[in-house]
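Worksheet: one structure, shown below.
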């Protein structure tokens, strides 16, 4: 995958996570609690500052009540 496509996918992923969290009225702290991680770690996920594993993506999707595919589809 070209770097530009990869970066675009990560940007879309973090925007969808952020938008869905806000739509649910959750704070970053509440999301971190749902995921059993620190708030700082969650902030890094939402900022795109680290690559998350598929397992973490599935946990995030579950906490947001959406299928993982909804977060990674760029459409």
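The values are calculated or read from the model by the stated rules, or taken from the named source; none is laboratory data. Values in this document were obtained by computation on a predicted structure and should not be read as measured data. No Cβ is skipped: glycine too gets one built from the backbone with ideal geometry, and neighbour counts run over all protein chains shown.
Inspect the stretch 42-50 for any residue being surrounded by fewer than 14 Cβ atoms within 10 Å (Cβ to Cβ), within 11 Å of the chain's Cα centre (by Cα) and in contact (Cβ under 8 Å) with a residue 12 or more places away in the chain and give the result as yes or no. Yes, that holds for at least one residue.
If you go through the stretch 56-75, how many residues are assigned to a loop (DSSP other than H, G, I, E, B) and surrounded by 13 or more Cβ atoms within 10 Å (Cβ to Cβ)? The total comes to 2. Selection of the stretch 16-55 for residues being within 19 Å of residue 68 (Cβ to Cβ), at pLDDT 95 or above and not in a helix (DSSP H, G or I) yields 24, 26, 36, 37. Residue 8 meets all of the listed conditions (1) assigned to a helix (DSSP H, G or I); (2) over 11 Å from the mean Cα position of the chain (by Cα); (3) without any contact (Cβ under 8 Å) to a residue 60 or more places away in the chain but one, namely (3).
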